[in-house]
Amino acid sequence: MTTKTKTSKTAKKPAAPSKAPGAAPAPTPAKATKAKQLKLPAEGMARKTNPEIDAAAERYRVARDVRMEHTKAEKQAKANLLEVAKKHGITAYVYESEDGEEFEVEYLEKQDEDVKVRKVKPDTDEDE
């Protein structure tokens, strides 16, 4: 029968190997030092403004936002026209707008479905 010996939880770790007398000491790892924060000058750090540029930028931003809203409405109207042209089997159609101009609707069914609306050029009779 074998006997087990109980080891203590506080067992000592083996000692580090001894250094020979006169040997150079082992280098210690260098401590990382933090870079010091530079102080910023109190004056001259405010954001510079140019009222003319501010006003021009604001006008552009407003115009851009209006255009983007119109683009959304245009895409929705075009999708609706495409759906109606498909529903009625129309590939080409001419209509007169409320202000009396004629426009041609052309439904293209190739790889990508598309619909185009173009102003009809007036016929000029050169024979007369």
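The values are calculated or read from the model by the stated rules, or taken from the named source; none is laboratory data. No experiment lies behind these values; they were computed from the predicted model shown. Cβ placement follows ideal geometry from the backbone for every residue including glycine, while neighbour counts extend to all protein chains displayed.
In the range 8-123, counting only strands (runs of 3 or more DSSP E) that sit wholly within it, the ones holding 2 or more residues that are modelled with pLDDT under 90 span 102-109, 113-119. When Gly89 is tested against the conditions (1) of a type outside the set (Asp, Glu); (2) within 34 Å of the chain's Cα centre (by Cα); (3) loosely packed, with under 10 Cβ neighbours inside 10 Å, the lone failure is (2).
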